[in-house]
Each structure stands twice: as structure tokens, then as C-alpha cells.
Amino acid sequence: MADLERLYQNRGTEKAMEILAKATKLAKDSPDIHKLDLQRELDIGYSESVIVLDWLADTHEIEMGISEHLIRQGRKYAHNHPFPSLSDMTEKLGVGETRAQLVMQALQKRGIIRIKPDFAFERTGRMTSFAGFIRQLKVIGKKYDGRCEPWLLKRLMFVDPLTAMRLAQYGEEFLGFTWKERSRELM
């Protein structure tokens, strides 16, 4: 529900409540509503439509599906993060609780994780090796013009801050990548 707080901060309490009420009415009229429908009908942007759609799914107003891209991101999170958890995956992927649970169930079907009785989960295989991290780092460096800042790696690879810093330093020293800006808090 942290994303819902962003909606309240961006729009104000009255406007956010109005948006959510209109979205609930739209969901009752059309249960298969999509982000683009919300953007058009409510006159909101993409990120706000994602927040509203997640809220509708979390309150069981609509049935939510997940994309293959989201499943790939969940797999990357499960392999790269040292201690994966549902709440952390929800935050890192930027999705609502319902979509995170659907991702978790899809990952279990594919044999990547095992869901425990307390609804936590664990990897069935090993965590990504150092060579695997370097391969991911090279792909990111190529895509982002040789950049490898820790905040970028943390966001794209779903690693903890210490691992992101180490990988960024390795990328700078051994792969020739650069940091566009150096944040004081990461130094």
C-alpha cells in the first residue's frame, strides 16, 4: 500500500479518494478493465493507473493477471536477492500484494521457488553466481551506455546495496564502465 500513499501525496486526499471511487465504479461496470482504460476515463498517468489497478486487485474488485515480463523480473529477484521475501519482492517489483502473490505462485509452478507453510518462500536452486552477476552487469552496461551506478544496479538487478556497490566498483575497474554521478550516501 506504499504506492497508494504516493497517489495521495501526488493528488491530495480528496482527489485521490475521488479517483478511487470512480475506479471502483468502472471496475463494477467492466471487470476486465486495463491501465489504458483507467488512464482515459480518470485522466491520470501511467504510474497512477498502475497504482489504482493494483489497489483494485488488492481489494478484490477485479481479477488480476500477470505478464511474462513480470514473471521474468520475479525470477531475477528470486535468484539475485540473498534473502527473498514476498513483502520485499512487492516493493522491489513495484506491484501490489495480489500481483506479487501471483508472481510467487507462477515462480513455484516453474520450479524456481518453494512456498513455505507460513507463505514465505525460498529458492529451490542456488543464488546467482559471481559470473552470472557479471553477465547481467555487462548487459546493463551495454543497454545504458557503459553506466553502472549502484542505484541503477540495485533497481535493475534487485540486489542489496552492498552487492550493488561491489558490482559497480568491479564494472568501473575491470570492465571500463563509468558512473554518471556519485551519490554521497553510497560512498
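The values are calculated or read from the model by the stated rules, or taken from the named source; none is laboratory data. What you see is a predicted model; the values in this text were computed from it and never measured. Here Cβ is always computed from backbone atoms with ideal geometry, including for glycine, and neighbour counts include all displayed protein chains. Note: areas computed on protein heavy atoms with side chains; ligands, DNA, RNA excluded. Shrake-Rupley method; radii C 1.70, N 1.55, O 1.52, S 1.80 Å.
Using a 7 Å offset from the Cα along the Cα-to-Cβ direction at both K15 and S129, what is the distance between the two label points in nm, to one decimal?
The modelled label-to-label distance comes out at 5.2 nm.
Each residue of region 82-94 in order: what ³J(HN,Hα) in whole Hz does its phi give by Karplus 6.51 cos²θ - 1.76 cosθ + 1.60, θ = phi - 60°, with x for Gly and Pro?
For region 82-94, the Karplus curve yields x, 10, x, 8, 5, 5, 5, 5, 4, 5, 5, 7, x Hz.
Restricting to Cα pairs below 8 Å that are 6+ residues apart, what does the relative contact order work out to for region 87-187? Please round to a whole percent.
Over region 87-187, the number comes to 17 percent.
Can you work out the FRET efficiency for the pair R40 and E5, with r the C-beta to C-beta distance and R0 = 22 Å, to the nearest 0.05?
After rounding, the FRET efficiency stands at 0.35.
With θ set to phi - 60° and the Karplus curve 6.51 cos²θ - 1.76 cosθ + 1.60, what are the ³J(HN,Hα) couplings of region 129-135 in order, to the nearest whole Hz, using x for Gly and Pro?
Values per residue, Gly and Pro as x: 7, 4, 4, x, 4, 5, 4 Hz.
Please enumerate, by chain and number, the lysines with C-alpha under 25 Å from the C-alpha of K142, excluding those fewer than 8 residues away in the same chain.
K76, K92, K154, K180
Describe numerically, in nm with one decimal, the distance between label points set 7 Å from Cα along Cα→Cβ at L175 and at D88.
2.2
Cross-link partners among lysines for K22, C-alpha distance below 25 Å, same-chain residues fewer than 8 apart left out?
The qualifying lysines are K35.
Which whole-number value in Å² is the accessible area per residue of the chain, probe 1.4 Å?
Computed with neighbouring chains in place, this is 60 Å² per residue.
Charges on Cβ only, +1 for Lys and Arg, -1 for Asp and Glu, centred on the Cα centroid of the chain; of W151, Y46, L137, which one is farthest towards the dipole's positive end?
Farthest towards the positive pole: L137.
Let's see if you can work this out: charge +1 on each Lys and Arg Cβ, -1 on each Asp and Glu Cβ, no other charges. What is the dipole magnitude of region 10-147 about its Cα centre, in debye to the nearest 20?
Dipole size: approximately 1100 debye.
Only Cα pairs under 8 Å and at least 6 apart count here; give the relative contact order of region 1-86 as a rounded whole percent.
Taking the mean separation of contacting Cα pairs over the length of region 1-86, I get 27 percent.
Amide H of F121 versus every other amide H placed in the peptide plane: which residues, excluding those fewer than 5 positions away on the same chain, fall under 5 Å?
Counting only residues 5 or more places away or on other chains, the set is L86, K116.
I'd like the Karplus ³J(HN,Hα) series for region 24-34: coefficients 6.51, -1.76, 1.60, θ = phi - 60°, whole numbers in Hz, and an x wherever there's a Gly or Pro.
Whole-Hz 3J(HN,Hα) from phi for region 24-34: 5, 5, 4, 5, 5, 6, 9, x, 9, 6, 10.
Under the rule of at least 5 residues apart or a separate chain, name every residue whose amide H is placed under 5 Å from the amide H of R147.
Those qualifying (amide H under 5 Å, at least 5 residues apart or on another chain) are T178.
Over region 89-187, what percent of the accessible surface lies on carbon and sulfur atoms, probe 1.4 Å?
Percent of accessible area from carbon and sulfur atoms in region 89-187: 50.
Only one of the listed values, [x] 35, 17, 15; [y] 34, 22, 14; [z] 48, 16, 15, was derived from the coordinates as semi-axes √(5λ) of the Cα gyration tensor in Å; which label is it?
Only one option fits the structure, namely [y].
May I ask you to derive the relative contact order of the chain, considering only C-alpha pairs under 8 Å and at least 6 residues apart, and to give it as an integer percent?
Dividing the mean separation by the residue count of the chain yields 15 percent.
Output the 0 to 90 degree angle, nearest 10, between the alpha-carbon long axis of helix 161-174 and the longest principal axis computed from the alpha carbons of the chain.
50
So what is the calculated 222 nm ellipticity per residue for the chain, using -39500 (n - 2.57) for each DSSP H run with n of 4 or more, over all residues, to the nearest 500 deg cm²/dmol?
Counting only the DSSP helices, I get -19500 deg cm²/dmol.
Amide H neighbours of I113 under 5 Å, counting only residues 5+ apart in sequence or on other chains, H built in-plane at 1.01 Å?
Amide H neighbours of I113, under 5 Å, 5+ apart: Q108, T124.
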